[in-house]
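**Q** Got a structure for you, written out below as structure tokens; questions coming shortly.
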Amino acid sequence: MTRQDSAPPSDGSSRDNTEDDQFARVVMSCGDVSRVLRRVAHEILERNKGSQDLVVLGIPTRGVALARRLVHVMAEVEGLEVPCGALDITMHRDDLRRNPIRAIEHTYIPAPGIDDKTVVLVDDVLFSGRTVRAAMDALSDLGRPRAVRLAVLIDRGHRDLPIRADYVGKNLPTASSERVQVCLAEHDGFDEVRISGGHR
Amino acid sequence: MKRHLLSMNDLDRHDILTILDTAESMHDVQRREVKKLPTLRGRTVVNMFFEDSTRTRSSFEIAGKWLSADMINISAKGSSTSKGESLRDTVRTVAAMGVDGFVIRHSASGAAQQVSQWVDAVVVNAGDGMHEHPTQALLDVYTMRQRLGDLEGLHVAIVGDLTHSRVLRSNLICLKTLGTRVTVVAPPTLMPSGIETWASSEGFDTSYDLDAVLPTADAVMMLRVQRERMSGGFFPTAREYTVGYGLTRERLGTLQKHAVICHPGPMNRGLEIASDAADAAQSLVLDQVSAGVAVRMSVLYHLFAGEGSLS
């Protein structure tokens with residue numbers, strides 16, 4: 001019951017895995033994660049009718065790793081490298097005043113820019129929707145995309161804002177007191193999605 | 001991080017590196033077409049400059065505006081201080097209007113520290129007399145780090161009017177915290193009194209011989225000869241100063257290939273720095289100005305964005 005209850009916008013996946021790890025339930029294994037990402041990459045290509053004018057932007061930290069993996073799958077399928085970058089949203093958060101100050105991650109927009117492109121935002125967990133709102137604000141300072149789509153690995157519900165994902169890896173019904181933790185090989189050494197806490 | 005930024009001593013190594021890293025992201029914003037972030041929307045910061053300044057004041061103002069803070073400028077001329085109001089009354093009056101912070105430049109050492117005790121707002125020291133100028137040290141370090149990489153173990157020479165320099169003190173503290181070796185160079189008349197004890201307790205070297213120091217330096221920081229603070233005769237003639245301690249064209253040739261030149265500005269061309277050196281490829285003078293905005297954005301972000309301070 002740490003940060004999750006105050007509905008922290010960014011990461012539905014709380015990264016401080018201190019308490020009740022022994023009660024954590026694994027909801028996605030390593031194989032599940034890669035199968036789901038493969039499907040999502042195909043869905044994006046299908047909806048976009050190919051990879052033309054696509055730009056994939058991950059939201060730090062784990063969204064960036066997911067974005068890279070999606071682009072990697074797309075390259076296998078289409079044989080074309082889709083531009084991939086990172087979009088830090090810290091400066092656009094609506095809860096800066098309520099929380100201790102956060103370090104800022106790097107924003108990297110691939111060379112062709114985002115004007116008149118279809119931008120796919122990638123994040124690990126969709127929770128309150130506030131991160132995505134901040135990301136859309138951040139995007140509007142960088143250019144004018146033709147369309148913005150949202151891809152997430154986990155949709156855990158409990159939205160505070162009228163926002164939905166276009167591509168969802170897995171819908172995961174949760175209690176708001178539960179914590180969803182996404183582990184990725186790039187950051188944690190292995191792929192896994194766990195759920196813990198709640199019901200006390 | 002502490003609530004105010006009054007001295008470089010308020011920042012530990014982690015704080016400094018956090019500010020520098022954030023400044024890098026801010027630098028990216030500076031290169032964008034839309035240079036505006038909503039981060040400090042609704043915050044009001046007063047720029048109070050009781051001493052003349054071009055770059056510090058305007059860079060704080062630009063930094064605040066790009067973060068969407070409301071920046072207000074008050075200078076000594078044109079404010080009620082010219083009618084005889086005390087500093088205490090002036091800042092308390094402005095604070096009573098409900099501002100969130102003050103950026104203060106004053107000719108008296110310790111002015112920012114005093115103000116921080118009189119008001120509830122956050123105070124940033126933008127230069128107090130001959131004491132400190134922390135954001136200048138941060139931007140110097142930021143600029144050098146961009147060109148030279150990690151500063152730990154490198155050798156920086158700080159040359160010139162040490163007695164009157166607030167930039168010197170802030171830089172000494174900052175570079176020591178980052179593990180950089182420092183040699184300060186000046187004619188005996190411009191060495192602060194008691195520099196030997198200061199040097200031995202803080203672990204830097206002193207020298208009267210610029211030519212001996214230059215060939216081993218990774219960075220040379222030339223300080224301005226502050227004629228406005230000089231009442232006595234510190235050196236016989238400008239020409240004599242230049243011969244002994246100016247960064248001339250000849251001395252430029254003795255620098256290592258990778259070495260860089262900094263100057264906090266404004267430069268006295270021909271006195272402490274020759275135009276050949278100021279405009280050389282190794283000169284970071286303009287990079288410093290551009291970094292000034294990014295570093296001050298970073299400082300304002302860390303001091304004003306959150307409730308309380310960096311955890």
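The values are calculated or read from the model by the stated rules, or taken from the named source; none is laboratory data. No experiment lies behind these values; they were computed from the predicted model shown. Every residue, glycine as well, gets a Cβ built from its backbone with ideal geometry; the counts of neighbours run over all protein chains shown.
**Q** Please verify whether B:LYS176 is more than 20 Å from B:LEU284 (Cα to Cα) and not assigned by TED's automatic domain parsing to the domain that holds B:THR44, treating the condition exactly as stated. Full working, then the answer.
**A** Numbers: more than 20 Å from B:LEU284 (Cα to Cα): yes; not assigned by TED's automatic domain parsing to the domain that holds B:THR44: yes.
It is true that B:LYS176 is more than 20 Å from B:LEU284 (Cα to Cα) and not assigned by TED's automatic domain parsing to the domain that holds B:THR44.
**Q** Which residue out of A:ARG149, A:ARG159, A:ARG164 is touching a helix residue (DSSP H, G or I) at 6+ places or on another chain (Cβ under 8 Å), basic (Lys, Arg) and closer than 24 Å to A:VAL119 by Cα? If you could, list the steps in order and put the result at the bottom.
**A** Working: A:ARG159 fails: touching a helix residue (DSSP H, G or I) at 6+ places or on another chain (Cβ under 8 Å); A:ARG164 fails: touching a helix residue (DSSP H, G or I) at 6+ places or on another chain (Cβ under 8 Å).
Selected residue: A:ARG149, the only one of A:ARG149, A:ARG159, A:ARG164 that is touching a helix residue (DSSP H, G or I) at 6+ places or on another chain (Cβ under 8 Å), basic (Lys, Arg) and closer than 24 Å to A:VAL119 by Cα.
**Q** Quick check on region A:117-132. Is at least one of its residues within 18 Å of the chain's Cα centre (by Cα), of a type in the set (D, E, K, R) and at the interface with chain B (Cβ under 10 Å from one of its Cβ atoms)?
**A** No: region A:117-132 contains no residue that is within 18 Å of the chain's Cα centre (by Cα), of a type in the set (D, E, K, R) and at the interface with chain B (Cβ under 10 Å from one of its Cβ atoms).
**Q** Could you tell me whether any residue of region B:67-80 is touching a residue at least 60 places away in the same chain (Cβ under 8 Å) and either facing chain A (nearest Cβ under 10 Å) or surrounded by fewer than 21 Cβ atoms within 10 Å (Cβ to Cβ) (or both)?
**A** Let us first name the residues in region B:67-80 that are touching a residue at least 60 places away in the same chain (Cβ under 8 Å), namely B:67, B:69.
Filter once more, keeping what is either facing chain A (nearest Cβ under 10 Å) or surrounded by fewer than 21 Cβ atoms within 10 Å (Cβ to Cβ) (or both): B:67.
Among the residues of region B:67-80, at least one is touching a residue at least 60 places away in the same chain (Cβ under 8 Å) and either facing chain A (nearest Cβ under 10 Å) or surrounded by fewer than 21 Cβ atoms within 10 Å (Cβ to Cβ) (or both), which makes the answer yes.
**Q** Contact list please: Cβ distance under 7 Å, first residue in region B:91-112 and over 24 Å from A:ARG97 (Cβ atoms), second residue of a type in the set (Ser, Thr, Tyr) and not in a loop (DSSP other than H, G, I, E, B), pairs at least six apart or on different chains.
**A** Hits for this filter: B:ARG105/B:THR56.
**Q** While we're on this one: Before we move on, is B:VAL91 in contact with an Asp or Glu (Cβ under 9 Å, 6 or more places away or on another chain), crowded, with 20+ Cβ neighbours inside 10 Å and β-branched (Val, Ile, Thr)?
**A** Values: in contact with an Asp or Glu (Cβ under 9 Å, 6 or more places away or on another chain): no; crowded, with 20+ Cβ neighbours inside 10 Å: yes; β-branched (Val, Ile, Thr): yes.
So B:VAL91 does not fit the description; no.
**Q** Take region B:30-49 and flag every residue that is hydrophobic (A, V, I, L, M, F, W, C), buried (at least 17 other Cβ atoms within 10 Å of the Cβ) and at the interface with chain A (Cβ under 8 Å from one of its Cβ atoms). Full working, then the answer.
**A** From region B:30-49, those hydrophobic (A, V, I, L, M, F, W, C) are B:34, B:37, B:40, B:45-46, B:48-49; that's our starting set.
Those still in the list that are buried (at least 17 other Cβ atoms within 10 Å of the Cβ) too: B:37, B:40, B:45-46, B:48-49.
Answer for region B:30-49, where residues must be hydrophobic (A, V, I, L, M, F, W, C), buried (at least 17 other Cβ atoms within 10 Å of the Cβ) and at the interface with chain A (Cβ under 8 Å from one of its Cβ atoms): just B:LEU37.
**Q** Hey, does region B:236-248 have a residue that's among the aliphatic types (A, V, I, L, M), touching a residue at least 12 places away in the same chain (Cβ under 8 Å) and either surrounded by 19 or more Cβ atoms within 10 Å (Cβ to Cβ) or within 14 Å of chain A (Cβ to nearest Cβ) (or both)?
**A** Just the residues of region B:236-248 that are among the aliphatic types (A, V, I, L, M), to begin with: B:238, B:243, B:247.
From what's left, touching a residue at least 12 places away in the same chain (Cβ under 8 Å): B:238, B:247.
The next check asks that each one be either surrounded by 19 or more Cβ atoms within 10 Å (Cβ to Cβ) or within 14 Å of chain A (Cβ to nearest Cβ) (or both); those that pass are B:247.
Yes - at least one qualifying residue is present in region B:236-248.
**Q** Among the residues of region B:259-307, write down those that are within 14 Å of chain A (Cβ to nearest Cβ) and touching a residue at least 60 places away in the same chain (Cβ under 8 Å). It would help to see each step written out before you state the result.
**A** Start the filter on region B:259-307 by keeping residues that are within 14 Å of chain A (Cβ to nearest Cβ), which leaves B:294-295, B:297-307.
Of everything in region B:259-307, those that are within 14 Å of chain A (Cβ to nearest Cβ) and touching a residue at least 60 places away in the same chain (Cβ under 8 Å) turn out to be B:ALA294, B:VAL295, B:MET297, B:SER298, B:VAL299, B:LEU300, B:TYR301, B:HIS302, B:LEU303, B:PHE304, B:ALA305.
**Q** Taking the options B:ASP89, B:ASP140, name whichever one is under 18 Å from B:SER170 (Cβ atoms) and acidic (Asp, Glu).
**A** Details: B:ASP89 fails: under 18 Å from B:SER170 (Cβ atoms).
One residue alone meets the criteria, B:ASP140.
**Q** Which of the numbered conditions does A:ARG179 fail, given that it passes all the others? Conditions: (1) assigned to a loop (DSSP other than H, G, I, E, B); (2) touching a Gly at 6+ places or on another chain (Cβ under 9 Å).
**A** Only one criterion in (1) assigned to a loop (DSSP other than H, G, I, E, B); (2) touching a Gly at 6+ places or on another chain (Cβ under 9 Å) is unmet by A:ARG179, namely (1).
**Q** Restricting to region A:50-61, what's the tally of residues that are at pLDDT below 95 and over 15 Å from A:PRO145 (Cβ atoms)?
**A** Going through region A:50-61 one residue at a time, the tally reaches 4.
**Q** Oh, and also: Condition first: more than 15 Å from the chain's Cα centre (by Cα), closer than 14 Å to B:VAL124 by Cβ and either of a type in the set (Ser, Thr, Tyr) or surrounded by fewer than 21 Cβ atoms within 10 Å (Cβ to Cβ) (or both). Now tell me which residues in region B:51-66 satisfy that.
**A** Of everything in region B:51-66, just one residue is more than 15 Å from the chain's Cα centre (by Cα), closer than 14 Å to B:VAL124 by Cβ and either of a type in the set (Ser, Thr, Tyr) or surrounded by fewer than 21 Cβ atoms within 10 Å (Cβ to Cβ) (or both), namely B:GLU61.
**Q** Kindly indicate whether A:VAL73 is modelled with pLDDT of 95 or more, farther than 16 Å from A:VAL193 by Cβ and part of a strand (DSSP E or B). If you could, list the steps in order and put the result at the bottom.
**A** Details: modelled with pLDDT of 95 or more: yes; farther than 16 Å from A:VAL193 by Cβ: yes; part of a strand (DSSP E or B): no.
Spelling it out, it is not the case that A:VAL73 is modelled with pLDDT of 95 or more, farther than 16 Å from A:VAL193 by Cβ and part of a strand (DSSP E or B).
**Q** Right, something else. Within region A:91-110, is there a residue that is touching a residue at least 60 places away in the same chain (Cβ under 8 Å), surrounded by 17 or more Cβ atoms within 10 Å (Cβ to Cβ) and under 20 Å from A:ASP188 (Cβ atoms)?
**A** No, every residue in region A:91-110 fails to be touching a residue at least 60 places away in the same chain (Cβ under 8 Å), surrounded by 17 or more Cβ atoms within 10 Å (Cβ to Cβ) and under 20 Å from A:ASP188 (Cβ atoms).
**Q** A further question follows. Given the criterion among the small types (Gly, Ala, Ser) and farther than 15 Å from B:MET297 by Cβ, identify the matching residue among B:SER25, B:SER58, B:SER68, B:SER80.
**A** Values: B:SER25 fails: farther than 15 Å from B:MET297 by Cβ; B:SER58 fails: farther than 15 Å from B:MET297 by Cβ; B:SER68 fails: farther than 15 Å from B:MET297 by Cβ.
Exactly one residue qualifies, and that residue is B:SER80.
**Q** If we scan region B:5-14, do we find a residue that is surrounded by fewer than 21 Cβ atoms within 10 Å (Cβ to Cβ) and within 11 Å of chain A (Cβ to nearest Cβ)?
**A** Yes: one or more hits.
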